[in-house]
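**Student:** The structure follows.
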4 protein chains.
Amino acid sequence: MSYVSFPASRRLDFTAIGRLCIDLNANEINRPMEETMTFTKYVGGSPANITIGMSRLGMKTAFIGKIANDQMGRFIHRYLENNGIDTSNVVTDDTGAVTGLAFTEIKSPTDCSILMYRDHVADLKLQSHEVQEQLIADSRVLLISGTALAQSPSREAVFQALTYAKRHGVVIVFDLDYRPYTWTSPEETAVYYNLAAEKCDIILGTREEFDMMETFDPNPEHSDSLTAQKWFDFAAKIVVIKHGKQGSIAYTREGLSHRAESYPAQVVKTFGAGDSYAAGFLYGLMQGWPIEQSMGYGSAAACIVISSHSCSDAMPTVEQVNDYIERCNRGEITVS
Amino acid sequence: MSYVSFPASRRLDFTAIGRLCIDLNANEINRPMEETMTFTKYVGGSPANITIGMSRLGMKTAFIGKIANDQMGRFIHRYLENNGIDTSNVVTDDTGAVTGLAFTEIKSPTDCSILMYRDHVADLKLQSHEVQEQLIADSRVLLISGTALAQSPSREAVFQALTYAKRHGVVIVFDLDYRPYTWTSPEETAVYYNLAAEKCDIILGTREEFDMMETFDPNPEHSDSLTAQKWFDFAAKIVVIKHGKQGSIAYTREGLSHRAESYPAQVVKTFGAGDSYAAGFLYGLMQGWPIEQSMGYGSAAACIVISSHSCSDAMPTVEQVNDYIERCNRGEITVS
Amino acid sequence: MSYVSFPASRRLDFTAIGRLCIDLNANEINRPMEETMTFTKYVGGSPANITIGMSRLGMKTAFIGKIANDQMGRFIHRYLENNGIDTSNVVTDDTGAVTGLAFTEIKSPTDCSILMYRDHVADLKLQSHEVQEQLIADSRVLLISGTALAQSPSREAVFQALTYAKRHGVVIVFDLDYRPYTWTSPEETAVYYNLAAEKCDIILGTREEFDMMETFDPNPEHSDSLTAQKWFDFAAKIVVIKHGKQGSIAYTREGLSHRAESYPAQVVKTFGAGDSYAAGFLYGLMQGWPIEQSMGYGSAAACIVISSHSCSDAMPTVEQVNDYIERCNRGEITVS
Amino acid sequence: MSYVSFPASRRLDFTAIGRLCIDLNANEINRPMEETMTFTKYVGGSPANITIGMSRLGMKTAFIGKIANDQMGRFIHRYLENNGIDTSNVVTDDTGAVTGLAFTEIKSPTDCSILMYRDHVADLKLQSHEVQEQLIADSRVLLISGTALAQSPSREAVFQALTYAKRHGVVIVFDLDYRPYTWTSPEETAVYYNLAAEKCDIILGTREEFDMMETFDPNPEHSDSLTAQKWFDFAAKIVVIKHGKQGSIAYTREGLSHRAESYPAQVVKTFGAGDSYAAGFLYGLMQGWPIEQSMGYGSAAACIVISSHSCSDAMPTVEQVNDYIERCNRGEITVS
């Protein structure tokens, strides 16, 4: 059974809008960053990672975003191009904005943190009139990400993209990706997240992210089904609520809930798990697979990424995901 | 026939949210402001004026807004109280914000302008969590005004008020009131006006205001019926498009358009015409009158205000409007 | 004996730089501003008032400042022109800045306050390169005022004016005029006040203003002579410290202190006392009068202003000051 | 002959105030940064580098500055401590500021550039009241650096430090270090540089930096001696003007000019040359050496740093400088 109907035969399978930045991953890990002396540079940002993931899985993809007019921006542009992602709507900033940075600290597989540089970043300077309606019209799916709603003019650009997507029957996915440091207050955050979510077909987030969105709503028990039902009253068809190690639960408009099995992994760090999960899950849905199978596919993709040093660079191909699942099924991979 | 169904038997007929400020009207008129030596102080701001108008017409009213902690703010609070307006949700700023000012210049009845002080004003500091859900739940109508969408946190407060109004079945009126100087760009303006308008039952604005809202839409001929239809695809029941001296046209979801007759006036200045029109028109609708009659009532109320020196202070009572219409019908009032 | 040597035979006696704004004085006085309904408009701002005062006393004057491109700005420009003040270095802002406003509240002759509008004001937008070196070179005296140091770029413009004045041997007067609301912190204020004061020949201020300037200095007893001595170690020749009703004390580099007698007045309000005092005092010094006589002349000028409704408009002529002193001497004026 | 008299027998030889940041130096060099994949982390910032240099040369040193409350800030603090620098006046920011970053790009030994992250940086948040008067009173030399004047409150903190240094007879050195990207305009820059330079005993800068400071001065021929004379009219004893490959020229108050011989170097990159020069030169002056010898010592120290991958980490000891000079004298080092 298909819970979401994707438009057929468009030039692009998947287009994302939002954050494009640089990850600087500590080379010397399992120690505090004070003791790290060298860092390796990767493309980062949740929607960028998901798009790279979709491209690796063989989907035709595009990105809508803004990069700094500097060496970091040009590196990002080149990396997207090299991964087969349409960059015709990746605009270059002309105001002196910088590229957002994320320095990763890996003290242990379960104790990871990020040091962010998000002041005056190019990705939040994308303007409404820079969003190309035709590119969205040519897409089967548009993915938006919460961070792009944090500031003007990027916020308006995302809402404009939503208007175009609705106008052209594009399936809209909302990856909540709530990063408090770019926001003024939880109240402000809740208002814009809700305005965006009302227009989305598929919503993916953690229980904590949905709690933030319910700042002004009555849901004292943090009930997942109450949360899901709120969005089914608007446009949503699928709502996925993630509970960390307890796994994820997917609700569908028809009133069913679904849980996927998870896979073991030799965890290096936890960064990138959500992005690779999203790519694998959406890939499955777009193949017409059942929700459980799609969720499992997302989990396997996530396992591959968290077993690696990078996020974007480790996004797996179909062969790699299939191989991982088979090795798990054969008992060849065990929890670290 | 009733085009909008107002909830019955609530404590309040009408609640507005948004701008509260001070008008400083030139006492020596028909000259440039450089030659004006004295000014008289009045309460101003479009939603405040409409609320005062509704109160004068006998409706039970309330206001949601924020005032400066200074002499101007206390004057506004006292004036609202003296006009029988519930001020339990008029919050006092504690950040040192000032009261917005509008100095009026009346060079001639047809050449009027305003010098605005809108930096760091208290009315735009209203926060989401300061909006009282119960007050909105107790109201038959909520009126929002575009200027309150211009900046954070007031913008979020208005969207939160819209959420509460939808939750409790309150009829929502949007008076567009577009003032470019408080906005960053027409694109930004269009995005938020559209997000708000999607949720509104009655939308009132000039052709130019609707044009701004269609920045990203195809309507090259500036067709009123195309404009109206866009909003009927969302929640709207009535869309009123004003064409200045050519009069206003009201569209209803049923596909009909309506024009009201207008009345002559001895014009002193044009300020306040829109606010008094809105009050008279909404009063008529809430009485269950036909649209044409409601529009005519709004026009008569507007004539009274533009024949006077002030806006808020000149808002008429039912007796005054009826008397004005009768005098017009008897030919006692002619165009100045 | 002459304590300060003024350059002879220049085109201009007196040039001031800094704040130009509008006073809106309550017409209905001896009540809180909440109950005031009308206001009268005057030119205001401490250095503007002093310049008007000097012009009324017959001096050749000029002003260096920036006005808004609006009706208020044009009113100020016209008023200066009408008072014979050279406005060739009064620049018009082109960034949309507004004219600063000061609403006065006169609850009683001894209970007066001001409600200020100082956000985004034109006078603080004056830039270094807009200051005309030749105008300063043509002046015998340059007066600076503390408020102009509160923000960039006005702050830099004042320091640039000081450089020009030093280069051309112009006597520099610093009227402290400390207004906390335009400053970030007392520490910031102290730093810039001190940097400016180091270059000045005559410094006029209240004990409280000098205390602020000594934030980082050891003067626990608030000793006037210690305060004066600090500045004599730099460029100062005369330091006047005002103690409100206790009168003023002037120190000279030679080590003497001087006190002037004061005059009775029928006080309407206290605004403008300092500005008219400065004008009278500087006028006396420039005539070569002894310090006590100059201080007395300043006091008499101040009495005239505080007996009137306005500040700038009430600045007296030589005849008026002389007449006031004679009437006081004849016992015709008594304390209100 | 001694041109500057340093106070004797104080706890500290040398204290600097200002910028503390992180350099991220490309590991793969001689290519554009787009192709660099890894970076190594070092402490950076001109005054920090000079202080590290002075410490390596055996001087007792301290630093006055502000670091971010994050891993980068703690790394800086630890590095200063490990280099024997007194950090008792290195304050930790509590406002969420970040550590300034400088990514270096080395396309070739003569084509180097820097990508800066200077938004919301901790070093510019140092406040006046955080500067310890006693630490300055305990120092023989205070070095200030132009970048710290770029923004409030760091600018005020530097001026306050200058006041303390004057009060306690500390020799003040000004390393101009002009970085346009942190400033609003050249006019603003000139004003504050000049205000600071008026109080300094030794001023070091490039011809271009002195040109910027003369924005409002008449020096059309860019005459070095005119530039030097301007500062001798204030407090300066020595003014060093650097002309890149043409070498530096030092002027002294007595009217003499001095040129030093330079040394050959195997250049890796040009970063850090000025900082190591300043350390070597000041070290020589404090030893009582002639100016030419001090300049030569600075040149040799600079050669060592530009032959290395880092700036701070490559600052040489006395033995290393002496050895370098001897090897040059023996002809063992030739220009790359």
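**Student:** Work from the charge dipole of the stretch D:71-161 (Cβ charges, +1 for Lys and Arg, -1 for Asp and Glu, about the Cα centre) and give the residue of D:Ser88, D:Ala150, D:His129 farthest towards its positive end.
**Tutor:** It is D:Ala150, whose Cα lies furthest towards the positive end.
**Student:** How long, wide and thick is the stretch C:193-336, going by the Cα atoms along their three principal axes, in whole angstroms, largest first?
**Tutor:** Reported extents, whole Å, longest axis first: 45, 30, 24.
**Student:** Another question, if that's okay. How long, wide and thick is the stretch C:110-176, going by the Cα atoms along their three principal axes, in whole angstroms, largest first?
**Tutor:** Taking the Cα atoms of the stretch C:110-176, the three principal extents are 42, 29, 14 Å.
**Student:** Mind checking the dipole of the stretch B:1-152: about its Cα centre, +1 per Lys or Arg Cβ, -1 per Asp or Glu Cβ, Debye to the nearest 20?
**Tutor:** 440
**Student:** Still on this model: Among A:Leu20, A:Val4, A:Thr38, pick out the residue whose Cα is farthest towards the positive end of the charge dipole of the stretch A:1-50, where Lys and Arg carry +1 and Asp and Glu carry -1 on C-beta, about the Cα centre.
**Tutor:** Farthest towards the positive end: A:Val4.
**Student:** Just to confirm my numbers, what's the Cα centroid distance between the stretch D:145-176 and the stretch A:159-174 in Å?
**Tutor:** Answer, in whole Å: 55.
**Student:** Along Cα-to-Cβ, 7 Å out, sits the label point; list in nm, shortest first, how far the one on A:Gly288 is from those in the other copies.
**Tutor:** Spacings between copies for this position, smallest first, are 5.6, 9.4, 10.8 nm.
**Student:** Here is a further query. Give me a comma-separated list of calculated 3J(HN,Hα) values for the stretch B:225-239, in order, Karplus coefficients 6.51, -1.76, 1.60 applied at θ = phi - 60°, integers in Hz, x for any Gly or Pro.
**Tutor:** Ordered by residue, 3J(HN,Hα) equals 6, 5, 4, 4, 4, 3, 7, 5, 5, 9, 9, 5, 10, 9, 10 Hz.
**Student:** Among A:Phe232, A:Val98, A:Asn194, whose Cα sits farthest toward the positive end of the charge dipole of chain A (+1 at Cβ of Lys/Arg, -1 at Cβ of Asp/Glu, about the Cα centre)?
**Tutor:** A:Phe232
**Student:** Over every pair of different alpha-carbon atoms in the stretch C:275-336, take the mean of 1/r and invert it; report that Kirkwood radius in Å.
**Tutor:** Taking every pair of different Cα atoms in the stretch C:275-336, averaging 1/r and inverting gives 11.6 Å.
**Student:** Residue-wise, which Karplus ³J(HN,Hα) couplings in Hz belong to the stretch C:282-294, taking 6.51 cos²θ - 1.76 cosθ + 1.60, θ = phi - 60°, and x for glycine or proline?
**Tutor:** 5, 4, x, 4, 6, 7, x, 6, x, 4, 4, 5, 5
**Student:** Please compute, for peptide A:190-198, the average count of beta-carbon atoms on other protein chains lying within 10 Å of each residue's beta-carbon.
**Tutor:** Mean shielding count: 4.
**Student:** Then there's this: Dipole magnitude of chain D about its Cα centre, charges +1 at Lys/Arg Cβ and -1 at Asp/Glu Cβ only, in debye to the nearest 20?
**Tutor:** 620
**Student:** Over the protein assembly as shown, with a single point scatterer placed on each C-alpha, what log10 of the ratio I(q)/I(0) does the Debye formula yield at q = 0.04, 0.05, 0.06, 0.09 1/Å?
**Tutor:** Debye intensities relative to I(0), on a log10 scale: -0.30, -0.47, -0.68, -1.28.
**Student:** Per residue of chain B, what 222 nm ellipticity follows from adding -39500 (n - 2.57) for every DSSP H run with n ≥ 4, rounded to the nearest 500?
**Tutor:** Mean residue ellipticity, 222 nm, calculated: -10000 deg cm²/dmol.
**Student:** Still on this structure, please answer the following. Could I get the Rg over Rh figure for the stretch B:241-324? Both from C-alpha atoms, Rh via Kirkwood, rounded to two places.
**Tutor:** That ratio is 0.96, to two decimals.
**Student:** Scale the Cα Rg of the stretch D:1-145 by the rule-of-thumb value 2.2 N^0.38 Å and send over the ratio, two decimals.
**Tutor:** Dividing the Cα Rg of the stretch D:1-145 by 2.2 N^0.38 Å gives 1.15.
**Student:** Please label the shape of the stretch C:78-190 as rounded, prolate or oblate, based on the square roots a ≥ b ≥ c of the eigenvalues of the alpha-carbon gyration tensor (a/c under 1.5 means rounded; beyond that, a/b larger than b/c means prolate, else oblate).
**Tutor:** Note, shape of the stretch C:78-190 comes out prolate.
**Student:** I need the per residue convex hull volume for the stretch B:11-76, using only the alpha carbons, in cubic angstrom as a whole number.
**Tutor:** Dividing the Cα hull volume of the stretch B:11-76 by its residue count gives 108 Å³.
**Student:** Considering only DSSP beta bridges whose two residues both sit in chain B, what percent are antiparallel, to the nearest 5?
**Tutor:** Of the beta bridges lying entirely in chain B, close to 40 percent run antiparallel.
**Student:** How far is D:Arg167 from itself in the other copies, in nm, if each label sits 7 Å out from Cα along the Cα-Cβ line, shortest first?
**Tutor:** In ascending order, 3.3, 5.8, 6.6 nm.
**Student:** So, with +1 on the Cβ of K and R and -1 on the Cβ of D and E, and no other charges, what is the size of the charge dipole of the protein assembly as shown about its Cα centre, to the nearest 20 debye?
**Tutor:** The dipole of the protein assembly as shown has a size of about 0 debye.
**Student:** Considering the Cα trace of the stretch A:3-44, what is its radius of gyration and what is Dmax, both in angstroms?
**Tutor:** So, for the stretch A:3-44, Rg and Dmax equal 18.8, 52 Å respectively.
**Student:** Sticking with this structure for a sec: Which residue, C:Cys21, C:Cys200, C:Cys112, tops the fluctuation ranking in a GNM of chain C built on C-alpha contacts under 10 Å?
**Tutor:** Result: C:Cys112 has the largest fluctuation of those listed.
**Student:** Quick check: from the Cα gyration tensor, does the stretch B:147-215 come out rounded (a/c under 1.5), prolate or oblate?
**Tutor:** Taking the square roots of the gyration eigenvalues as a ≥ b ≥ c, the stretch B:147-215 is oblate.
**Student:** Which chain C residue puts its Cβ closest to the axis that rotates C onto A, and at what distance in whole Å?
**Tutor:** C:Thr95, 9
**Student:** Further question: Using a label point 7 angstrom from Cα along Cα-to-C-beta, what distances in nm, from shortest up, separate D:Glu35 from the other copies?
**Tutor:** Distances between equivalent label points, in nm: 3.6, 7.4, 8.2.
**Student:** Which value in Å is the Kirkwood Rh of chain A over different Cα pairs?
**Tutor:** 19.9
**Student:** Also: Report, please, the projected area of the stretch D:206-268 averaged over directions, based on the convex hull of its C-alpha atoms, in nm².
**Tutor:** With the hull built on Cα positions only, its mean projection is 5.3 nm².
**Student:** Compactness ratio of the stretch B:116-255: Cα Rg over 2.2 N^0.38 Å, N = residue count?
**Tutor:** Compactness ratio reported: 1.04.
**Student:** Please report the spacing between the Cα centers of the stretch A:1-65 and the stretch B:294-336 in Å, no decimals.
**Tutor:** 63
Every number in this text was worked out from the coordinates using simple rules, so none of it is lab data. Model, not experiment: these values are computed from the prediction. Glycine also receives a Cβ, built like all others from the backbone with ideal geometry; neighbour counts cover every protein chain displayed.
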